[in-house]
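Okay, so here's the structure we're looking at.
The values are calculated or read from the model by the stated rules, or taken from the named source; none is laboratory data. All values reported here derive from a predicted model rather than from experimental measurement. FYI the Cβ positions are ideal-geometry reconstructions off the backbone, even for glycines, and counts take in every protein chain you see.
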């Protein structure tokens, strides 16, 4: 089984890529623990999507504190008991900060990050789910969350580009890049099985797979 060699997997990607859905499915299939973001707990998030400039800093700081608290509870001994799947990577917080904060806010955020950053365990594998902005906006609209109604395709395009730059340089852990434009692992069991196969066959430090392309 893939999780025999990957005790700690982090799944990343822009809004609508399918991070949480994939984390839940993998955890259910292999009996792994789950470490999930909780955007519903962030009281600033609805305001952020209405007025990004006004709410960017408190939104970002709330998520930073939330993720640090979650990761502080994850220890090496936990991973000996069972594998853990997370739907976030702490380092991506800086990606959002650079995208949304002004210069003064970013300096403050950087200072707080530097003081608060935990000695988080490095994942054994990071799965980066790619998708085009058009695909992402379609998925966001279909799930119909009230606080996401203000998300624009322009914002998702900038976010997608930021993720691409981030993972172009990422080398802290083995990285499996999955283009999910043609992937439906929620409703199509063969797609999910194919994804598991890609995880199991991962051998190098960085691999790319695009579903639906030959």
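Brief remarks follow.
- Condition met for residue 72 (at pLDDT below 90, on the phi < 0 side of the Ramachandran plot and loosely packed, with under 15 Cβ neighbours inside 10 Å): yes
- Qualifying positions in segment 174-207 - within 27 Å of residue 97 (Cβ to Cβ) and assigned to a strand (DSSP E or B): 175, 176, 177, 178, 179, 206
- If the condition is being under 14 Å from residue 22 (Cβ atoms), in contact with a strand residue (DSSP E or B) (Cβ under 9 Å, 6 or more places away or on another chain) and without any contact (Cβ under 8 Å) to a residue 60 or more places away in the chain, then segment 184-214 contributes 194, 198, 209, 211.
Residue-by-condition table, conditions (1) modelled with pLDDT of 90 or more; (2) under 25 Å from residue 66 (Cβ atoms); (3) touching a helix residue (DSSP H, G or I) at 6+ places or on another chain (Cβ under 7 Å):
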site: 115; (1), (2), (3): no, yes, no
site: 120; (1), (2), (3): no, yes, yes
site: 135; (1), (2), (3): yes, no, no
site: 151; (1), (2), (3): no, yes, yes
site: 156; (1), (2), (3): yes, yes, yes
site: 167; (1), (2), (3): yes, yes, no
site: 188; (1), (2), (3): no, no, no
site: 213; (1), (2), (3): no, no, no
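- Whichever residue in segment 1-15 is part of a helix (DSSP H, G or I) and touching a residue at least 24 places away in the same chain (Cβ under 8 Å) and, among such residues, is surrounded by the most Cβ atoms within 10 Å (Cβ to Cβ): 3
- Test for residue 131: is it closer than 30 Å to residue 43 by Cβ and out of contact with any helix residue (DSSP H, G or I) (no Cβ under 6 Å at 6 or more places or on another chain): yes
- Where residue 30 falls short, out of the listed (1) touching a helix residue (DSSP H, G or I) at 6+ places or on another chain (Cβ under 6 Å); (2) within 28 Å of residue 132 (Cα to Cα): (2)
- Single residue of segment 16-41 satisfying the filter (surrounded by 15 or more Cβ atoms within 10 Å (Cβ to Cβ) and in a strand (DSSP E or B)) that is nearest to the chain's Cα centre (by Cα): 35
- Matching residues in segment 49-58 - criterion: being free of Cβ contacts under 8 Å to residues at least 40 places away in the same chain and in a helix (DSSP H, G or I): 54, 55, 58
- So residue 171, is it in contact with a helix residue (DSSP H, G or I) (Cβ under 6 Å, 6 or more places away or on another chain), outside any helix (DSSP H, G or I) and either surrounded by 12 or more Cβ atoms within 10 Å (Cβ to Cβ) or in contact (Cβ under 8 Å) with a residue 12 or more places away in the chain (or both): no
- Of the helices (runs of 4 or more DSSP H) lying entirely inside segment 68-162, those carrying at least 2 residues that are within 18 Å of the chain's Cα centre (by Cα) are 92-100, 133-143.
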